[in-house]
Amino acid sequence: MRKNNCEVIRRELDELMLDEAASAPVSEHLNDCADCREFHQTQTKLRQMVGSLGTVAAPADFEFRLRARLANDSNGALPFGFAYWPFTRRGLALVSVLILFAIGAVVMWNSMNQPAVTNVAERNPAPAPPRETPQQVQTPVAPRDTQEFQAALPESSPQKIRNERPIEAGQRVKRQLSSVDFSNTRAEVIRATDPAAVFPIDASLQPMRVSLDDGRGNARTISVPTISFGSQRTFASGNTQKGSW
Amino acid sequence: MDTLTTIDEMGFAPTLQQEMLEDTTSDHALLEATRTGDQDAFAELVSRYRNQITSYIYRMTNDYDGAVDLAQETFVRVYRAADRYQRSYAFSTYIYRIATNLAISELRKRKRRKLVSLTGFFQQSDGGEPQELNPPDTRPLQDLELVDTERRNAVQRAIGTLPEKYRAPLILRDVDGRSYDEIAKILETSEGTVKSRISRARGFLREKMRAYL
């Protein structure tokens, strides 16, 4: 009973402020109980020691530094929300990754859906001379004349055609070409008098292959990649302009 | 017409003026003025609380430079959140709550960083409480000021070893002299919890400071 009473008294003493007087019952108990009196003295001394720590003053330039800090914060507060820049940066990084992923997916999709490409060189090592194929004859722009010759070999040009050695049957061409075989289509016949002849090409979706023959068994094959700009202009003379072939 | 008297003659003027003056200089009024862009009002708030807040955070963290930094951060937050301030609490409660949260956050950061405790080197092998780095000097000291300084340092170190949940209420009560009700509001807990924690904190301190008592 006395122990319980001491606990209550000590709790009450503990809740008092240092300069606050204890109630009459507590004071009476302190007079009677030496343990509680000692506890009270120790506790008071301890609280006095803690209270003696006092207040530590802020530095003299506290307000100056605070103003500078607030000014920096207000300067940094861009309309976009500069305070959230770390989050914005993460968001931009995420968006960049997503865009790269999307581009990669599109590239993969296109590569997987491309039409099957035939290796012309392997299938037809030697280009056959151009044959007349009525179904695929293109209507030339320029009117035809009696004097005709094979394309890209005008009369006025004495240049020798390189790679004159004909490719024998069964011989592999070193440079393999990936294109659709148009060797069985008729070659265009262009007038020699025209310095520049324009002829339409309807092979816009597939690579075009042009065979040139000088009539002496020397042949040259030119493979043109996919054309997407409608028509081409060829020049008979050697002074080809920039950007033309 | 002779019965008309001025307010001064009625004797109300001093009371009204005093009330108006008190109203314009209260913390709430200063924060209201800060909200409208009055920099002087905010400067007045800073001058009222800078020492208290700096001291409180210093007692919590035992690091003066860090305490100054956190005290400034406290005022920055008050300034930024001036629009959202509600008058349901006293301003002192509000600013002490911000300071307490910052101090506790700093203490937790330190704990995560696992700073090497100097007192840790003197931990007893049986896992008991660590011994003080500077044990009390039993030799007689000539200078009374040195004794006081040594005692204050010992108290500060002992407070620094308290768990944060005991440290904050003890400082608010025994160093700052705040009421239980206010401490409960600052720490957002009940008054009974505050009393219990303060009692436990004093018990810890009594054990640690036995040599000085």
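The values are calculated or read from the model by the stated rules, or taken from the named source; none is laboratory data. Note that the structure is predicted; figures quoted are calculated from it, not measured. Cβ sites come from the backbone with ideal geometry, for glycine too, and all protein chains shown count toward neighbours.
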Notebook entry, point to check: Only one of these conditions is not met by B:Arg152: (1) more than 10 Å from every other protein chain (Cβ to nearest Cβ); (2) surrounded by fewer than 17 Cβ atoms within 10 Å (Cβ to Cβ). Which number is it?
Noted result: (1)
Next item on the list: Give the residue that is modelled with the lowest pLDDT, with candidates limited to residues of segment A:199-228 that are under 28 Å from A:Gln114 (Cα atoms) and exposed (fewer than 15 other Cβ atoms within 10 Å of the Cβ).
Entry: A:Ser204
Next item on the list: Determine which single condition A:Arg69 fails, assuming it passes every other condition in (1) within 11 Å of chain B (Cβ to nearest Cβ); (2) farther than 30 Å from A:Gly91 by Cα.
Entry: (2)
Next item on the list: Could you grab me the full set of residues in segment B:155-190 that are touching an Asp or Glu at 6+ places or on another chain (Cβ under 7 Å) and surrounded by 15 or more Cβ atoms within 10 Å (Cβ to Cβ)?
Entry: B:Arg157, B:Tyr180, B:Ala184
Next item on the list: Looking only at segment A:7-15, decide whether some residue is in contact (Cβ under 8 Å) with a residue 12 or more places away in the chain, surrounded by fewer than 15 Cβ atoms within 10 Å (Cβ to Cβ) and closer than 30 Å to B:Thr54 by Cα.
Entry: no
Note to self: Checking the structure you have, find out if any residue of segment A:66-75 is modelled with pLDDT of 75 or more, in a helix (DSSP H, G or I) and of a type in the set (Gly, Ala, Ser).
What the structure shows: yes
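Residues checked against (1) more than 7 Å from chain B (Cβ to nearest Cβ); (2) in contact with a Phe, Trp or Tyr (Cβ under 7 Å, 6 or more places away or on another chain); (3) closer than 15 Å to B:Gly203 by Cβ:
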{"site": "A:Arg10", "(1), (2), (3)": "yes, yes, yes"}
{"site": "A:Ala21", "(1), (2), (3)": "yes, no, no"}
{"site": "A:Ala24", "(1), (2), (3)": "yes, no, no"}
{"site": "A:Asn31", "(1), (2), (3)": "yes, no, no"}
{"site": "A:Gly51", "(1), (2), (3)": "no, no, no"}
Notebook entry, point to check: Got a number for residues in segment B:36-61 being surrounded by fewer than 16 Cβ atoms within 10 Å (Cβ to Cβ) and away from chain A (no Cβ under 11 Å)?
Noted result: 4
Checklist line | Yes/no for A:Ala83 being loosely packed, with under 14 Cβ neighbours inside 10 Å, assigned to a helix (DSSP H, G or I) and modelled with pLDDT of 90 or more | finding: no
Check: If you check B:Gly203 against the conditions, is it within 10 Å of chain A (Cβ to nearest Cβ), not in a helix (DSSP H, G or I) and not acidic (Asp, Glu)?
Finding: no
Item checked: Residues satisfying the stated conditions in segment B:63-88, i.e. more than 12 Å from chain A (Cβ to nearest Cβ) and exposed (fewer than 15 other Cβ atoms within 10 Å of the Cβ) -> B:Ala81, B:Asp83, B:Arg84, B:Gln86, B:Arg87, B:Ser88
Next item on the list: Take segment B:165-188 and flag every residue that is in contact with a Leu (Cβ under 8 Å, 6 or more places away or on another chain), in a helix (DSSP H, G or I) and either within 11 Å of chain A (Cβ to nearest Cβ) or β-branched (Val, Ile, Thr) (or both).
Entry: B:Leu170, B:Val175, B:Ile183, B:Ile186
Notebook entry, point to check: When you scan segment B:63-114, how many residues do you find that are outside any helix (DSSP H, G or I) and either free of Cβ contacts under 8 Å to residues at least 60 places away in the same chain or farther than 22 Å from B:His28 by Cβ (or both)?
Noted result: 6
